[in-house]
Amino acid sequence: MKSNFKYIIGLSLLILGIAACEDEDKNPLNVFELEDSAAPYVRIKLDETIVAKGDLANSTFSGTVDDPSDNVASWDLSVTLESGGVSSDTVPLATITEFPSDLSIPYTDIASALGITVDDISGGDFIRFLGESTGTDGTVTTVANYSATLTGQPEQLQAFNFIVLVKCSPVSGTTVPGTWVIEMQDLYGDGWDGAFVTFEIDGATTDYTFTAGDAATFNVNVPEGTNSLVISYTSGAFEEEHVYTIETPDGEVLGPFGPNPAPCIN
């Protein structure tokens, strides 16, 4: 028993030693330390963190960048597009050398930096931004410098790794209030494998799917006075089996969407 106890104590000390080394390797930094040791952190407050696909051509990524400890020489911003779980190459986007600064970049310019157009960006995509700050003492800070022991305001983490979500645009060009009909098919006959269609009515969302069989129908009542209706599709497994149509209150049939439906119907 004593030998086992010694073994347990020894193992515990070894684990603590390894953990201590790992914490040291993380090089945890503090935002508000003594003046001579404060980390060169940058915080950003975005005006909007969600943009509709249909608004990309006329919208601007904007916010305010600040360095709370007044010890940052420059902040470099890069961008990548995450679509369908796949990330594009990360490319440089802007450099800020004065703080605070207002940041304003049209999404058309962001798309151009990525080598695409805004038409190539879909609902459900994420535009991810990565920041790197260089302190007046030459210290470089990226998201890799962060650890669980870091202190500071949430906006400071956003300045090194944050996203803007591209959502589907509201439905237009048809009567919105009334009964909408979703006709779903599964070409294999075993339900939609985790996929679903979402109706977002003035910000309130309801998901529609089926888990067995080859077809399902849903009637969705959109009440009078609705200001915004967004219809989107979230993928599951076996996307090659999923097909659906949507009938508007005017009797117009939209689709078919699928196999492999896109995130947005418009």
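The values are calculated or read from the model by the stated rules, or taken from the named source; none is laboratory data. Source: prediction; values computed, not measured. Heads up, the Cβs are rebuilt from the backbone with ideal geometry, glycines too, and the neighbour counts pull from every protein chain shown. Heads up: the accessible areas ignore ligands, DNA and RNA and are worked out on the full protein's heavy atoms, side chains in. Shrake-Rupley method; radii C 1.70, N 1.55, O 1.52, S 1.80 Å.
The figures follow:
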{"quantity": "Odd one out for SER133 among (1) at pLDDT 95 or above; (2) hydroxyl-bearing (Ser, Thr, Tyr); (3) assigned to a strand (DSSP E or B)", "calculated": "(1)"}
{"quantity": "All positions within region 156-177 that are open to solvent by 10 Å² or more (accessible area, probe 1.4 Å), not aliphatic (A, V, I, L, M) and not in a loop (DSSP other than H, G, I, E, B)", "calculated": "GLN158, ASN161, PHE162, LYS167"}
{"quantity": "Some residue of region 108-118 being open to solvent by 40 Å² or more (accessible area, probe 1.4 Å), at pLDDT below 95 and of a type in the set (D, E, K, R)", "calculated": "no"}
{"quantity": "Residue match in region 215-238 (condition: over 25 Å from the mean Cα position of the chain (by Cα), open to solvent by 30 Å² or more (accessible area, probe 1.4 Å) and in contact (Cβ under 8 Å) with a residue 60 or more places away in the chain)", "calculated": "no"}
{"quantity": "Some residue of region 180-190 being outside any loop (DSSP other than H, G, I, E, B), of a type in the set (A, V, I, L, M, F, W, C), touching a His at 6+ places or on another chain (Cβ under 8 Å) and modelled with pLDDT of 95 or more", "calculated": "yes"}
{"quantity": "Conditions (1) open to solvent by 60 Å² or more (accessible area, probe 1.4 Å); (2) at pLDDT 95 or above; (3) in a helix (DSSP H, G or I); number of the one not met by ASP55", "calculated": "(2)"}
{"quantity": "Residue pairs meeting the criteria (Cβ under 6 Å; at least 6 apart or on separate chains; first closer than 30 Å to VAL65 by Cβ and touching a residue at least 12 places away in the same chain (Cβ under 8 Å), in region 162-189; second among the charged types (D, E, K, R) and open to solvent by less than 20 Å² (accessible area, probe 1.4 Å))", "calculated": "VAL166/ASP125"}
{"quantity": "Selection from region 239-256 of residues that are closer than 18 Å to TRP180 by Cα and open to solvent by less than 30 Å² (accessible area, probe 1.4 Å)", "calculated": "VAL243, TYR244, ILE246, THR248"}
{"quantity": "Residue satisfying all of: in region 85-119; of a type in the set (Asp, Glu), outside any strand (DSSP E or B) and more than 17 Å from the chain's Cα centre (by Cα); farthest from GLU48 (Cα to Cα) among these", "calculated": "GLU98"}
